[in-house]
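Each remark here refers to the structure printed beneath this line.
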């Protein structure tokens, strides 16, 4: 039940959802619309409650003044938030202009901001477009989408900071970041693989490396990648440096190309445990070497697995 002097502006049940306009992905709103809508509904409920209480007793002059103040404040907030909106992203340098400056400017600036050489950035965009993994949209080009992705992961920036740099809403930044992430993951399945088991010439004909690295496919190492985890998993993902990370195992060949990546392990997990899981898990698709070396590794793995089972039994 609405107060008598609010009947003329009180929304009906069917039109109440139209009080708060929805935001599009390219909207410049910064997220305060939802807060204003909640404040508007709260004040409206307070007025309705006061009207119900006053119907059972005489309304005092103080209650009437309070109703008027709440009503004035509610109208002012609604008008300032929904009717007289103030533009948020007002920089003269748009996201596309920023990308054009990077491509046409110094290669050092492009490397410092995107953590990638200018030629590599252009080739990445062309490859994503050629394989049809990513396309530009009506308001955002493919180069700008990729730059948004690299800008975030290269400097571990928050989306609000990137939204101000590229002059888009946070919802737009989040949408295109996930779109580029899915495209990069699809491309990674084609790139991260063992191309050849033969030693390259710069290793085979160098007495410092050959024959010591004969039948060697590459080097294995682990690294910790900063990651977000739910609250119930943050304890296991927090390593010795108090940062929430994932322990990722990688293999790199002699041409400095990644040939294998095994992720999804918590930051507190030991490198040996991650390696044993990659070797013993059939679904991990570990790139095994030649037959003789594989048999030796199988024997050593069996011993290590037995030791691990003994330690976990205590």
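The values are calculated or read from the model by the stated rules, or taken from the named source; none is laboratory data. Predicted, not measured: the structure shown is a model, and the values here were computed from it. When we count neighbours, we look across all protein chains shown, and the Cβ atoms used for this are built from the backbone with ideal geometry, even at glycine.
Based on this model, can you work out whether residue 183 counts as modelled with pLDDT under 85 and in contact with a helix residue (DSSP H, G or I) (Cβ under 8 Å, 6 or more places away or on another chain)?
no
Looking only at residues in the range 112-121 that are assigned to a helix (DSSP H, G or I) and in contact with a helix residue (DSSP H, G or I) (Cβ under 7 Å, 6 or more places away or on another chain), which one is farthest from residue 154 (Cα to Cα)?
118
Of all the residues that make up the range 231-255, how many are touching a strand residue (DSSP E or B) at 6+ places or on another chain (Cβ under 6 Å) and not in a loop (DSSP other than H, G, I, E, B)?
Looking only at that region, the number is 13.
Out of the residues in the range 86-95 meeting the condition of being within 14 Å of residue 169 (Cβ to Cβ) and touching a residue at least 40 places away in the same chain (Cβ under 8 Å), tell me which one is nearest to the chain's Cα centre (by Cα).
Only one residue tops the list, namely 95.
Give 277, 264 a once-over and let me know the one that is free of Cβ contacts under 8 Å to residues at least 24 places away in the same chain and on the phi > 0 side of the Ramachandran plot.
Step by step, each of 277, 264 is checked, and only 264 is free of Cβ contacts under 8 Å to residues at least 24 places away in the same chain and on the phi > 0 side of the Ramachandran plot.
Among (1) buried (at least 16 other Cβ atoms within 10 Å of the Cβ); (2) free of Cβ contacts under 8 Å to residues at least 24 places away in the same chain; (3) closer than 27 Å to residue 188 by Cα, where does residue 222 come up short?
(2)
Just to be sure before I move on: is residue 272 modelled with pLDDT under 90, under 30 Å from residue 142 (Cβ atoms), surrounded by 11 or more Cβ atoms within 10 Å (Cβ to Cβ) and touching a helix residue (DSSP H, G or I) at 6+ places or on another chain (Cβ under 8 Å) in the structure I sent?
No: the conditions fail for residue 272.
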